[in-house]
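Peer 1: Pasting in a structure now, in structure tokens, and then I'll have a few things to ask.
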Amino acid sequence: VGAAVNRESASGTRLGGATGGIHLPGLDRVTGWLTGHVDRLANGPGIVGLGAVHGLLPCPILYPAYLYAFASGSAVSGALALGALGVGTMPAVFLYGTVIEGVDAVHRRRVHRLLGVAFVALGYVLFAHGLMAVGVHVPHPSLPFWNPLDAGMAGGM
């Protein structure tokens, strides 16, 4: 059974790597078509259209920003907050893309892994503070610049 699961054929792809996997018939054809199509777009004038489609994808960073803008209670202050996010994001993304392009592939992979670990850690901090705000006590680091738990307690006293 294990040998049958780990075999690859021309009509499918094995998922799971060295730990065994699942054979999905036809996946090679679909991923090959998608990869070829995206590569053609990315290496020509179609990059503009690809960027426009990418701009329509939801960004998880925006949801808390929308919530903050909504909670501000004012259309003007909400618009200013979202505008500040956009104005601050554009140069940061441009700078990252410009700098990372000059880094060799090995160091780029290391940077991306480090960023992945940093994003997971930051996500846990925010998640833990969110749980603490609703009364679920979990281990969490304190934030040196702002602690919503302390702010909520100070407002209630």
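The values are calculated or read from the model by the stated rules, or taken from the named source; none is laboratory data. What you see is a predicted model; the values in this text were computed from it and never measured. Note: ideal-geometry Cβ built from the backbone for every residue, glycine included; neighbour counts use all protein chains shown. The accessibility values were calculated without ligands, DNA or RNA, using every heavy atom of the protein model including side chains. Shrake-Rupley method; radii C 1.70, N 1.55, O 1.52, S 1.80 Å.
Peer 1: Given the criteria open to solvent by 100 Å² or more (accessible area, probe 1.4 Å) and either at pLDDT 85 or above or not assigned by the TED database to the domain that holds Val111 (or both), does Asn6 qualify?
Peer 2: Against the criterion (open to solvent by 100 Å² or more (accessible area, probe 1.4 Å) and either at pLDDT 85 or above or not assigned by the TED database to the domain that holds Val111 (or both)), Asn6 does not qualify.
Peer 1: Evaluate the following for Val111: is it surrounded by 10 or more Cβ atoms within 10 Å (Cβ to Cβ) and not in a helix (DSSP H, G or I)? Can you show your working first?
Peer 2: Details: surrounded by 10 or more Cβ atoms within 10 Å (Cβ to Cβ): yes; not in a helix (DSSP H, G or I): no.
Taking the combined requirement at face value, the residue does not satisfy it.
Peer 1: Please state which one of Ala81, Ala69, Ala42, Ala65 is within 19 Å of the chain's Cα centre (by Cα) and open to solvent by less than 60 Å² (accessible area, probe 1.4 Å).
Peer 2: Ala65
Peer 1: When you check Val38 against the structure, is it part of a helix (DSSP H, G or I), farther than 24 Å from Leu126 by Cβ, at pLDDT 90 or above and not assigned by the TED database to the domain that holds Leu126, yes or no?
Peer 2: Numbers: part of a helix (DSSP H, G or I): yes; farther than 24 Å from Leu126 by Cβ: yes; at pLDDT 90 or above: no; not assigned by the TED database to the domain that holds Leu126: yes.
So Val38 does not fit the description; no.
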